[in-house]
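Just so it is clear, none of the values below were taken in a lab; they were calculated from the coordinates. Note that the structure is predicted; figures quoted are calculated from it, not measured. Methodologically, a virtual Cβ is constructed for each residue, glycine included, from the backbone with ideal geometry; neighbour enumeration extends over all protein chains shown.
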């Protein structure tokens, strides 16, 4: 931690902060600059919060952490890439994993037909939402357990693995009975009760766009996050070009860019008839469009020593 | 809904969209412009989602909702301001309601002493966190049920009402046993399972800062949201200048600005000894500082026909 | 400057950085932490850029400046508030200065009538755009010199002072011939050639809204910027509630909030007939609406020891 | 334009708006919905600003433009891709154009050595800043005309073409005497005086990162902008992975992603000794690192039917 004192801080205030730091089990290292003093607090104390609270002490301007507070997922403790096995699929390996399917499960015909089509084109994991975290309570909320059963049926029929979103701690038991990968949506990234319930080290990161001022795409695909995550974390990283861009025509170029950037896989929205999709029609591909995307991806994979 | 067609959309595509609109129970109103056609969809159908899905239809550029999708909280259906009664306190009335207390409940001494001090200065509702939604799992997570009991004890001692944050549907039963107002934090604004569990029409809106590129304050207090919400919604609106700014010295001017902007009340962080607060020390006021804030507020209230 | 080394940085890399720091005239203060080393660079060298370039040195993770790079406008060097005199008007004093007028100068009748009306209601400085920095080249660009002459005429007629926007270094000579305060718009905040041409220490800061994700107002009025600027800078601060909110109905509450927050003045858009304004009609007040705003402001001023 | 009336708008207000629309040379098409009326304004009138001003009319809620206000650069009027010739280099063709060089021109040795190195690796255009738009007046501002002369000398020596930033209308004459492509930085994107002075149809678009909340990269490379611009505009698009990410290690993967996304070229920062670069050291590549980037790019180009 670096505690930066105000320019007008007195000697007593600086000494008071140093004492506090010591009392929390850290060693203070004051640096007396031209106009202000900054104090480094060094040590392995377990009292980050107490140091942070020094922001409330007289004469303190700010308290800044130097070290990023993620240990378990960082390369510092585990330098080699993690692989995550889902049946025969291995994320984080030379296998490039394509997860595809509709935004929402709507009917047996829809999900089974989609599973067959995306499997034929090279996808190995089926996606489909049974619970939909819609902003408006007036919007469609998903088929719920019925949707989970349809996903499991499509899995039986095609031999694919299944990935679906879970929204509450209570849903977890039911959802994991029918599916293989549990997806946490952006709206639940800080739903700590859900995260605790799911807590297991087999985590797949997904770049699905960030919120920006750009309005011509739904979100902004932060493609540089892929190599950056590969540097600082050992977890596999997949890219969702459908959700990130919100535009069907951008899925193909972004899928190729994801391969080039070093992604371990893709998530793509596919629907038998996008204009009648119950959600996200504008970004869903037809079966034929998905085939074209996969053709492009297949050409790029060898350059990155990857294969489907 | 306004469906905007692409400039190159064909007659057949426009007619296809019009037919779809009719099939969903709405009436299409195409407007043929110089370079493109836009189609208004009018009616009281319950099929917003189907209209939205037309974004996936050939020739469609975008689908935009004209009407804001909030009905129950809008002034259109309920023009007069709502009042919410919490014991003798009435939010949304001429009473200006001050909610004050520490970020986290830390001990009996801390919460009872704070309750006494803020009550003496004019606050009528005590705040204090028993569950803390901290980003880092390594940080302090709150005293949990023990904290709730201490809040209830402070309530007994002082006669104040109590407001505290709830984070999961399961906590609700326990939390409402000990407290009067259940607070939903920013991180749970889209935790739909929690929102459904809490669902009741007695909602108090709180402006506690929005995320912006400004870095000198913790968040940006969107003070214009107060009169704006007063125009479009009938719900009471309170302002949290502590959390919004993250800086002790800004609480007093922002509290006065909130009164001037028409707020129904304030939430203010107060701690017996901010430099040792377990969370949010930099923005917590001492008892004496809180008294000064209340002095300023009291001078402004008569100009807005309000009183404590 | 704080130079933070990567966790895997070698002793040689750390020593190399320390040497570089010395060679630029600063003293390195390394702090050896558990997982990484940070190096403070202390001294009055004039080589900030060279220190910053150490971001490119092997083993360096980041270089962060502790001191904010504004000296001349800071309270550190000049603790007392600056006052700026424009005729009888004194910004930064107990006088609360109201600048009012149309977005664009459109005609003699329009600007003279507006000047009379706003003067009668308490404004002392007339605003009006002669050059308009419009995003689209197809939009109205202002009356240019003709507009400046009309402003000067309105000044003659009413005795008000005049404030108008200047967009290029070449315009400065002409604009200052006709007007008293030269306004720099948000689009030119980093137009360094213009800023250099204008360079003089009599600067008035204006909070006119920042860009955020909130869409119900044009910009977000960052009202906390007012007391914050009053803490760190000695310059006068005015608030523009018209441009910041983009909504006529929000001008009155935001004008009062600005007084409560400690502003030195206001800029308000007023137009004889907003629905026919050539720009910014939605946020312009009629003469009568402006009078009501000023009534509210006048009631608040005594609480802040200010007067018109 | 779509003029959306408030729910409580009266018949008279609606009719008043329709009359205004007619008086400006457009045809009003009101659509009477369940809760509100929206009015489409159709026609080729040249009075967009007058329609926009209706936001100020009684009963109007908002005025929204349906058509994007860019005509000259859109595919609607010019469907085929534009090519821009700079000597033997042709942007917008099957030639993939690599622009490389230091952030700032610092000395003859630096710029000539860099030109030779990047040319050998496949770059055809040299970049280098002679005028630097630095936020702080205390920072290095560029070698100015001396820098331009050094760029011209490097051009003589290597046969490369030269690209450099121009910041004011006055600089244009001097800068175009020494260089081939004039670059407009992000800070000058709305410096209309500069844009007018430069006005010519041979424009190259550059994606160099957008401002977002992501802090681990300098900006966020909006890679989806490349195929999006290729859809809506006929202008060539290049990508600057150095400036967009601010991190040397991300330049290689982002350069490949740019090829995959359909870019027409790249701009890359290269410096003989990044740790002593006068600006942007953290993102500059050494000569050897640049060679490796180019090796990756060369492997990808054939997949997109491009060549150096």
What's the FRET efficiency of residue B:72 with residue C:249 using the Cβ-Cβ distance as r and R₀ = 22 Å, to the nearest 0.05?
0.45
Ranked list, fewest to most other Cβ atoms within 10 Å of each Cβ, for D:165, A:8:
A:8, D:165
Once the principal axes of the Cα atoms of segment A:1-45 are found, what is the range along each, listed largest first in whole angstroms?
30, 16, 11
With the crude spin-label approximation of a point 7 Å out along Cα→Cβ, what separation in nm comes out for residue D:308 versus residue D:214?
2.8 nm
Length-normalised contact order of chain D, Cα under 8 Å, at least 6 apart, in percent, tallies to 17 percent
Calculated FRET efficiency for the pair residue A:19/residue B:149, C-beta based, R₀ 51 Å, to 0.05:
0.90
Percent of alpha carbon pairs in segment D:119-272 separated by more than 26 Å?
28 percent
Nm distances between copies for residue D:213, ranked from closest, using label points 7 Å along Cα→Cβ:
0.5, 1.5, 1.6
Compute the distance from the alpha-carbon center of segment B:137-213 to that of segment A:7-21, in whole Å.
36 Å
Gyration tensor on Cα atoms of the protein assembly as shown, a ≥ b ≥ c root eigenvalues, a/c under 1.5 rounded, else prolate if a/b beats b/c, else oblate, says rounded
Sorted on mean Cβ neighbours within 10 Å (highest first), peptides D:25-34, D:10-19 come out as D:25-34, D:10-19
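Please order C:98, A:259 by the number of other Cβ within 10 Å, starting at the fewest. If you can, show how the numbers build up before the last one.
Values: C:98 24, A:259 27.
Listing C:98, A:259 from fewest to most nearby Cβ atoms yields C:98, A:259.
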Between helix A:145-158 and chain A: long-axis angle, C-alpha atoms, 0 to 90°, nearest 10
60 degrees
Rounded to the nearest 0.05, what FRET efficiency is calculated for residue A:34 and residue C:6 with R0 set to 30 Å and r the Cβ-Cβ distance?
0.65
Can you sort B:150, A:292 by how many other beta carbons sit within 10 Å, fewest first?
A:292, B:150
How many partner chain Cβ atoms sit within 10 Å of a residue's Cβ in peptide D:222-234, on average, as a whole number?
6
Over what distance in Å are the Cα centres of segment B:214-258 and segment B:93-123 separated?
19 Å
Considering only the label points, 7 Å along Cα→Cβ from Cα, what distances in nm to one decimal separate residue C:174 from the same position in each other copy, shortest first?
2.4, 7.1, 7.2
Shape of segment A:263-308 from its Cα gyration tensor (a ≥ b ≥ c, root eigenvalues): rounded if a/c is under 1.5, otherwise prolate when a/b > b/c, or oblate?
prolate
Where does the protein assembly as shown land at 222 nm, in deg cm²/dmol rounded to the nearest 500, when only DSSP H runs of n ≥ 4 count, each adding -39500 (n - 2.57), divided by all residues?
-10000 deg cm²/dmol
Taking residue A:295 in one copy and the same position in all the others, each labelled 7 Å out along Cα→Cβ, what are the pairwise distances from the first, in nm, shortest first?
3.2, 7.2, 7.8
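Per residue of B:181-191, what is the mean number of Cβ atoms on other protein chains within 10 angstrom of that residue's Cβ? Let's see the in-between values first.
Details: counts 0, 0, 0, 0, 1, 1, 6, 6, 3, 11, 9.
Across B:181-191, the average partner-chain Cβ count within 10 Å equals 3.
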Expected max-MSF residue from C:277, C:50, C:115 in the GNM of chain C (alpha carbon, under 10 Å) is C:50
Mind running the shape call on segment D:211-307? Use the C-alpha gyration tensor, a ≥ b ≥ c as the square roots of the eigenvalues: rounded below 1.5 for a/c, prolate if a/b tops b/c, oblate otherwise.
oblate
GNM, chain B, Cα, under 10 Å: largest mean-square fluctuation among B:93, B:23, B:104?
B:23
Under the definition of partner shielding as Cβ atoms of other protein chains within 10 Å of a residue Cβ, what is the mean value for peptide B:298-308?
2
Given the rotation that superposes chain A on chain B, what residue of A brings its beta carbon nearest the axis, and what is the distance in Å?
A:191, 3
Rounding to the nearest 10 and keeping the result within 0 to 90°, find how far the Cα-based axis of helix A:108-121 lies from the longest principal axis of chain A.
80 degrees
Which of D:119, D:218, D:177 moves most in a GNM of chain D, Cα contacts under 10 Å?
D:177
Helix C:169-178 versus the longest principal axis of chain C: what is the Cα-based angle in degrees, 0 to 90, to the nearest 10?
40 degrees
